[in-house]
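Just below is one structure, and these are the notes that go with it.
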Amino acid sequence: MTRAEFISRLADRLGHLPAGEVKAAVLAITDRIGLALQNGERVEIRGFGGFSLHRRPPRVGRNPRTGEAVNVAARFAVHFKPGKQLRERVDAVRD
């Protein structure tokens, strides 16, 4: 599901709110999560899950076309760990 689809479904579900307000709320939430991660903070939404940063060390990769060794710099990757309630809801539907 894309962000636009998410906003559309949420606006349909919350019919008493204008679509513009729903979009503004979703953008505010995602922007705040992004800012917190930029500042090195962990974000936890109870019942849903947590977002954190994991450091990826530098490594030597390979160019898939030529097989040539390429140095890949260290970086941070966003990690999402689903909460217990989300895992249980997904497992209940998938069984």
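Brief remarks follow.
- Electrostatic tally near E68: other residues with Cβ closer than 15 Å to its Cβ, Lys and Arg +1, Asp and Glu -1, net +3.
- Counting every other Cβ atom within 10 Å of each residue's Cβ, K84, K23 order from fewest to most as K84, K23.
- Taking chymotrypsin sites (Phe, Trp or Tyr not before Pro) across the chain, the ones in a DSSP loop with at most 16 further Cβ atoms lying within 10 angstrom of their Cβ are F48.
- Projecting the Cα atoms of G83, I45, G61 onto the charge dipole of the chain (Cβ charges, centred on the Cα centre) puts G61 farthest toward the positive pole.
- Local electrostatic count at F6 - Lys and Arg +1, Asp and Glu -1, tallied over other residues with Cβ under 14 Å: +2
- Of every Cα-Cα pair in the stretch 43-95, the percent that sits beyond 14 Å: 67 percent
- Solvent-free Debye scattering, log10 I(q)/I(0), computed from the Cα coordinates of the chain at q = 0.13, 0.24 Å⁻¹: -0.72, -1.18
- Ranking of E88, E5 by count of other Cβ atoms within 10 Å, fewest first: E5, E88
- Computed from point charges on the beta carbon alone (+1 for Lys and Arg, -1 for Asp and Glu), the dipole magnitude for the chain about its Cα centre is near 400 Debye.
- Formal net charge of residues neighbouring H79 (Cβ-Cβ distance under 11 Å; K, R +1; D, E -1): +4
None of the figures in this text is laboratory data; all of them are computed from the coordinates on show. Computed from a predicted structure; not experimentally measured. Positions of Cβ are backbone-derived with ideal geometry, glycine not excepted, and every protein chain shown enters the neighbour counts.
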